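Notes to accompany the following structure.
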Amino acid sequence: MNINLFQTPIDYLKGVGPNRADLLKKELGIYTFQDLVNLFPNRYLDRTQFYKIDQLQRTSADVQIIGKLTNIKTVAQKRGKRLVANFQDNSGKMELVWFKGHKWIRENLKLNVAYVVFGKTNWFNGVFSMPHPEMELLTEYEKNLRPVMQPVYPSTEKLIARGLSNRVVNSMMQHLFLETKNSIAETLPNNILESLKLLAKKEALLNIHFPQNQQLLSRAQYRLKFEELFYIQLQLIRKNLIHKAKIKGYPFTKIGNHFNAFFKDHLPFELTQAQKRVIKEIRTDLGSNAQMNRLLQGDVGSGKTIVALMSILIALDNGFQTCLMAPTEILSVQHYNGLNKLCKHLNISIYLLTGSTKTLDRRIIHEKLENGEIDLLIGTHALLEDKVKFKNLGLAIIDEQHRFGVAQRSKLWHKNTFPPHVLVMTATPIPRTLAMSIYGDLDISIIDELPPGRKIIKTVHRFDSNRLRVFKFIKDEISKGRQVYIVYPLIQESEVLDYKDLMDGYESISREFQKPDYQISIVHGKMKSQDKEFEMNRFIKGETQIMVATTVVEVGVNVPNASVMIIESAERFGLAQLHQLRGRVGRGADQSYCILMTSHKLSENARTRLETMVKTSDGFEIAEVDLKLRGPGDIMGTQQSGVLNLKIADIIKDHEILKIARSYAFETLKNDPSLSLAENLPVKSTYIQLTKYKNIWNYIS
Ligand code: ADP
Ligand code: MG
């Protein structure tokens, strides 16, 4: 592409003055010719089709109809007036409606002459109406040349209000093509174009903006989606390769006493095949000269902790310190206790550092860390503070990645001269296609198998009106010696209300489950962390049978004897959260249950979430549904959604193209890592241009 021409500020395009330029920048982020070329239509209006009035459907699609006006009248309404025209063809009648511009319309529209009208229809009281239709006399319509498929560009209310209508954008696009079409260079190498039979870049751009027919439009879309995904993948894969070549890690060559002793004598259970495979992958990484940067995905309860521990042991055997960071205090404490137990026969010094560690203890920990007297430091965000300095940190593990951002990952990197190896563990599985796109710079390991003997958690959906039967069920389970969670939603915006719900719930549960037969713990966000911990511990020790809580129990707590999870107002939880919560039970040998309580009022979306939970317990399958319901940006939070701000491709719908794009990107770099072969010239220049002009491409540190 002629870079200079395409970097011309949009102000210089014919038909775009300073005012319009300003609007384009503010509203659509269009600064240059290139930005405008890449403003792809959201949809196309097919003006090859004509509808009869009796064929109209109650959809939101735009339709085109030929008919005649039989009468025009003004109708008074609450505010102002509207103009209503009767419009008919030989199949039926409908109305055309205007809310403004009455005078002009009255004076110019002709009765009993054939018009072509075009627009969206509404349906009310058995009559279709079309507000503010585009209208043209049939005789005029037949004279004019027009594009077959009319593109509809993304717009905003402000743009429309300020006169930058679709029609205007369309004509800007025409000017743009007149000026630039001979400078549009190919951006993909010939071998790819040929093997996938892709349209040339110039053809694709022309047909995306001025499609000649359906078939060319769909080829243009394919080509541009492929290109977009190809370059994202190329970028991610290249980063990964450069990283491996450049960023030296500490090679952990030894498998020593700690690891061997643990593996031979202290492993509390036989590892699953998946755990073994993943440990092997990690071992290979740690043994190489490159820094490990690996994402470990595994469903709730799949046994990631033991994998983390064995990685830690390898680091220790090679004389390095390690740390394990978790998103909450409770989870850190649980890891601390759990790992201490697993390591009790090994001579390892493990410390806990969280927000509530006392100043004095904190100072001691800081000192011991720098002296190298601490082997494993477990904690929360507190680990990231600058004061926390290691003597030689060799491995950093982050549990529950989705709570931490990329920035935090990179902060850990800088805790040593060479960055430590990093293992990120996440229990919110994301579909592989999505993982590939957002974590493409990480290597991915997946534990896709649960430890043997796990029973499927029986999941049901119950309405609030069945509460008494649910209480009866809880009593039966408690009488068998089990424990029960009852969870209430906590959503920031309505914290006060949620808190009230929780307290009301707690009260009614206390009334139903009275002392001394029943003991109840309650944990919520407004409690001091000591009190929380105290209540949590009573439940963990089995002193209480019921744990009433807000979502603080979501992450990580492990109480194998708890076998019932009641989720109140389940319709208010997202799928990922429901799945996480359900994962709190089913950790012991007993049959476990999850009961999703809701009111009768359910949205379509909520219904799908509940049905999904009842139907499957496969975290990856749930993640797929979640992705479809919410869209990728939302799942990952704002921090990482930038990269998913795709111009034309859709990570979900186009994941087949994504896979192909990834494999081509991989091949390209494998054959020509520095992109210096002549045939890859277009790739190299496009790549350089993208990294130069587009910040979102550099989204990871
Ligand atoms: P998560 O992946 O959710 O972090 P954990 O590591 O907490 O899962 O493991 C969940 C439970 O499963 C723990 O009680 C753990 O001891 C047990 N577990 C893990 N791996 C195995 C295995 N291979 N065989 C039997 N139990 C296992
Ligand atoms: Mg875990």
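The values are calculated or read from the model by the stated rules, or taken from the named source; none is laboratory data. Everything numeric in this text was worked out from a predicted model, so none of it was measured. FYI the Cβ positions are ideal-geometry reconstructions off the backbone, even for glycines, and counts take in every protein chain you see. Ligands, DNA and RNA are excluded from the accessible area calculation, which covers all protein heavy atoms including side chains. Shrake-Rupley method; radii C 1.70, N 1.55, O 1.52, S 1.80 Å.
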Quick one: VAL559 ticks every box in (1) modelled with pLDDT of 90 or more; (2) hydrophobic (A, V, I, L, M, F, W, C); (3) in contact with a Phe, Trp or Tyr (Cβ under 7 Å, 6 or more places away or on another chain) bar one, so which box is it?
(1)
From the option list LEU267, LEU313, LEU324, LEU295, single residue qualifying as more than 29 Å from the chain's Cα centre (by Cα) and open to solvent by less than 10 Å² (accessible area, probe 1.4 Å) is LEU313
Could you say whether any residue in the range 484-491 is at pLDDT below 90 and part of a helix (DSSP H, G or I)?
no
Of the conditions (1) crowded, with 17+ Cβ neighbours inside 10 Å; (2) in the same structural domain as PRO131 (by TED's automatic domain parsing), the single one that THR70 does not satisfy is (1)
Considering only residues that are surrounded by 13 or more Cβ atoms within 10 Å (Cβ to Cβ) and in contact (Cβ under 8 Å) with a residue 40 or more places away in the chain, look in the range 530-546 and name the one that is farthest from VAL559 (Cα to Cα).
LYS532
Test: GLU543 is over 17 Å from TYR488 (Cα atoms) and either assigned by TED's automatic domain parsing to the domain that holds ASN466 or out of contact with any Pro (no Cβ under 7 Å at 6 or more places or on another chain) (or both)
yes
Could you pull out the residue among LYS225, LYS254 that is among the charged types (D, E, K, R), touching a residue at least 12 places away in the same chain (Cβ under 8 Å), outside any helix (DSSP H, G or I) and more than 16 Å from ligand 2 (Cβ to nearest atom)?
LYS254
Selection status of VAL300, within 16 Å of ligand 2 (Cβ to nearest atom) and either over 26 Å from the mean Cα position of the chain (by Cα) or not in a loop (DSSP other than H, G, I, E, B) (or both)
no
Grab the helices (runs of 4 or more DSSP H) fully contained in the range 532-631, keeping just those with 3 or more residues being under 25 Å from THR305 (Cα atoms) and of a type outside the set (D, E, K, R).
575-582, 619-630
Residue within the range 321-338 that is more than 20 Å from HIS414 (Cβ to Cβ), within 15 Å of ligand 2 (Cβ to nearest atom) and without any contact (Cβ under 8 Å) to a residue 24 or more places away in the chain present
yes
Counted residues, the range 558-584 - those being open to solvent by 10 Å² or more (accessible area, probe 1.4 Å) and of a type in the set (A, V, I, L, M, F, W, C):
1
